Amino acid sequence: MPNPISNPKILAIIAVVVIAAVIAASFALMQPSGQQTTPTTPTPPPQTTPSPQPTTQPQTTTQPTTPQPTTPPPQTTPPPTFSRGSLTGGGATFVAPQMFTWSRRVYELSGGAFQVNYQSIGSGAGAAQFLEKKLDFGASDVPMPRERFEKVSGRMVQFPVIIGSIVMVYNIPELSYKKVGKYLNLTSEVISLIYMGEIKQWCDERIQKLNPGVKLPCRDIVAVHRSDGSGTTAAFTLYLTRAYQPWNETVGWGYTVRWPADEKAKGTGAKGNEGVAQAVLTTSYSIGYVEFAYWAKNRDKYDAVGGVAYVKNDNDGKYYFPTEQNVMAGAAAGLERYRRKYGSYPTPDQDWNPVSIEFSNPPSGYPIMAFTYVFLWKDYAAEGYADASTRVTLLKQFFRWVLTDGQKSENVVEGFIPLPRELAELGLRALDFVKS
Amino acid sequence: MRKQLNTVGLALFAVLAFLAVLPLFHIIIDVYTKGISAIVELGGLSFLFDIPPTPYDNKGGVGPLLVGTLYMTFLGAVLGVLLGFPLGVYIGEFRKEFFANFSRGGVNILVEFPTITVGLFVYALFSISLVDINPMLEGISNALASVAGGWVKHFIGGLSQFNAYAGALALAIIMIPYVALFTASAYASIEQNTREAAYAIAGREYRAVFIVLRKAVSRAVLAAVLLGTAKIAGETAPLLFTAFGNVYYAPFTEATGAIPLWIWYAAQTPYEVQIASAYGAAAVLLTIVLAIFFAARLRQ
């Protein structure tokens, strides 16, 4: 027979242990946070509108004359002040490590008073939850989709906060970087044809032509792509759409697309950037597209079995390696092209889809880029947020820091590329749209 | 010949049994070898209290996530038992009634439900009800805080859309059918003699069912409770849009972290330190689950 006393006893023990652990931990460690959010310091008075300093030399040249460390602070901000409180944001998975790092820096700078909690729920969910007003800010790999934007047009602002680049990694044991000491050259046309299943083997003359002096093996190409919906796929396919007309006519672009290579050749899907990265590492004669960091963190492993490709920018005809300078140059050139085409820089409260299209396949620089956009409301009180004024103060403090100090190399995570100055200033202007 | 066949058969079963548990031990050993070295590297004991590492850090931990997991699992388990146990008694002891059959069908469906839909249900529930319940909760919170002190506000107050209680509710809904079905089958297996005896000595029906008969099945029910608790401790999907996740210590009325959510995120990143923290977090979670599991086995 069961001992009648034993049940309550063990339940009680478990309960006591759990409660004690929870209370002790939360009580001891939550001290600095939590309490009512009372802004201890007011926001620094909005800097007299960040005058878009005439920038004369954004484009061309593979090695821009201004190397990274000299990125001048857009304006001399006083040491940032941070209020006490917390913000909740969510969205793109890609930007999560960077957001997390910014959040931690601000947490430390504020002495633990300012918590920005960002969760990677995916770009689509980020936009949706922001529009539902469940999040203080949203982040996405693509601008707010047009149909959704039209419903809230004039009420929200969006601006880029960081750039990512997408690299083409390949696995050809005979031609690994370790063996031959060089990386392959690829063009938008060849990449498109591989993923369209038209180029089936590495020794295809269209690839061979780009890589004279390299003996490509006659092996079938395994074209690895994402199986899940992804901003990386959106940016990658948008680039091919812009750069190679037949791709535009047959495949198009989006979070997910139908890959002709799956039927016509050896195309295969993998989940997540980490899945594609792993599949290319372990599958001989494969090619894949991943965010820069997934290559950079495994560079030695890739060099042992293959490498990362130089990609030709069709507009200036040069091959670019995905370095920080080349990607920043590409972003600046894309923005400049937008300005020429539309007569002015984009404003933060307009539809940004045309802007993202101009960023893709830019006139010069490394051509495959992915931006992360942040969504904010113009008037948090009117949108029905509780404690709107506190929230706005916190949001402005956080993103002002992100767009200035946050773009310095010591605050940018490996694999992410800081914004060119003109773009950071657009973001700062967006903050002035947000009503205090 | 027959003896030899017997030996061969037994050997075959032994091999099959070994193969069946092999993955389990492989997982446990893998998680612990990688997890413990990761924990040591990331700060040893402080791994249990620190906030998670950014790609720049080389130290970090699962503090806020551990607190969130323990709190939500505890609340979810309590709520799950409070609702699941009486339901199980009804289904098991009064199984001839129409509504008991009806409930059994419902519970059987619920146990197979994709857990993420439970999370969505709770999300929707909180979406529409917060406006109405928040003024009340704030009133209670202020009243309690004036009596007991400000710490009350870490637990009770106006709720954000994402909070620990939403997470706990989702976990409770997942737990209910486990407890109910185990309880029902335990009650159904009570012999008729025992039941008659219980009714004879207990007086009122309530006492017969909930006090006398309960003692006959308490071991099975307790095991069910503990197994259910172990299950919900490791759930990720129902927490996505309810607790949402948080990497800082925050009041339970706001977005709350949980270990499975962190593992899910960190394992996908390319940064070694975050991947290591995911292994460490997995070891911590596995320890919690195994501890509960062994507690359940010991009671049986």
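The values are calculated or read from the model by the stated rules, or taken from the named source; none is laboratory data. Keep in mind the model is a prediction, meaning the values are calculated, not measured. In this analysis, Cβ positions are derived from the backbone assuming ideal geometry, glycine residues included, and neighbour counts consider all displayed protein chains.
Of note:
- Given (1) within 14 Å of chain B (Cβ to nearest Cβ); (2) over 22 Å from the mean Cα position of the chain (by Cα), number of the condition A:E274 does not satisfy: (2)
- Per this entry, A:D136 is not counted among residues that are away from chain B (no Cβ under 12 Å) and charged (D, E, K, R).
- Entirely in segment A:131-212, the helices (runs of 4 or more DSSP H) that have 2 or more residues that are under 18 Å from A:F236 (Cβ atoms) and under 25 Å from the mean Cα position of the chain (by Cα): A:188-195
- Test: residue in segment B:37-44 that is among the polar types (S, T, N, Q) and crowded, with 22+ Cβ neighbours inside 10 Å: no
- Close Cβ contacts (under 6 Å, 6 or more residues apart or on different chains) running from residues in segment B:93-105 that are of a type in the set (K, R) to residues that are assigned to a helix (DSSP H, G or I) comprise B:R104/B:I91.
- Unmet requirement for B:G76, which otherwise passes all of (1) in contact with a Leu (Cβ under 9 Å, 6 or more places away or on another chain); (2) surrounded by fewer than 24 Cβ atoms within 10 Å (Cβ to Cβ): (2)
- B:G139 meets the conditions (1) under 26 Å from B:L120 (Cβ atoms); (2) not in a loop (DSSP other than H, G, I, E, B) in every case but one. The failed one is (1).
- Filtered by the rule that a residue be part of a helix (DSSP H, G or I) and out of contact with any helix residue (DSSP H, G or I) (no Cβ under 8 Å at 6 or more places or on another chain), segment A:348-394 gives A:A388, A:S389, A:T390, A:R391, A:V392, A:T393, A:L394.
- In segment A:301-312, the residues that are closer than 14 Å to A:T282 by Cα and either acidic (D, E) or buried (at least 21 other Cβ atoms within 10 Å of the Cβ) (or both): A:Y302, A:D303, A:V305, A:G306, A:G307
- Of all residues in segment B:45-67 being in a helix (DSSP H, G or I) and more than 9 Å from every other protein chain (Cβ to nearest Cβ), the one that is nearest to the chain's Cα centre (by Cα): B:L65
- Output for segment A:270-292, where each listed residue is touching an Asp or Glu at 6+ places or on another chain (Cβ under 6 Å) and crowded, with 20+ Cβ neighbours inside 10 Å: A:N273
- Any hit, segment B:113-120, residues being modelled with pLDDT under 90, away from chain A (no Cβ under 11 Å) and assigned to a loop (DSSP other than H, G, I, E, B): yes
- Among the residues listed as A:S153, A:S123, the single one being within 22 Å of B:T236 (Cβ to Cβ), modelled with pLDDT under 90 and either crowded, with 21+ Cβ neighbours inside 10 Å or out of contact with any helix residue (DSSP H, G or I) (no Cβ under 7 Å at 6 or more places or on another chain) (or both): A:S123
- Count of segment A:390-431 residues which are over 24 Å from A:G85 (Cβ atoms) and β-branched (V, I, T): 3
- The single condition from (1) in contact (Cβ under 8 Å) with a residue 12 or more places away in the chain; (2) part of a helix (DSSP H, G or I); (3) within 17 Å of A:A386 (Cβ to Cβ); (4) among the aliphatic types (A, V, I, L, M) that B:L159 fails is (2).
- Helices (runs of 4 or more DSSP H) wholly inside segment B:181-300 containing at least 3 residues that are at pLDDT 90 or above and either within 13 Å of chain A (Cβ to nearest Cβ) or within 18 Å of B:V81 (Cα to Cα) (or both): B:213-233, B:259-266, B:272-299
- Remark: pairs (first residue in segment B:2-31, in contact (Cβ under 8 Å) with a residue 24 or more places away in the chain and within 30 Å of B:A283 (Cα to Cα); second residue of a type in the set (A, V, I, L, M) and assigned to a helix (DSSP H, G or I); Cβ separation under 9 Å; 6+ apart in sequence or on different chains) = B:I28/B:L286; B:I28/B:L290; B:V31/B:A282; B:V31/B:A283; B:V31/B:L285; B:V31/B:L286.
- Qualifying positions in segment B:73-94 - more than 10 Å from chain A (Cβ to nearest Cβ) and either closer than 16 Å to B:P251 by Cα or not in a helix (DSSP H, G or I) (or both): B:F94
- Candidate set: segment A:90-109, residues that are more than 8 Å from chain B (Cβ to nearest Cβ), surrounded by fewer than 24 Cβ atoms within 10 Å (Cβ to Cβ) and not hydrophobic (A, V, I, L, M, F, W, C); chosen: the one nearest to A:L395 (Cα to Cα): A:R105
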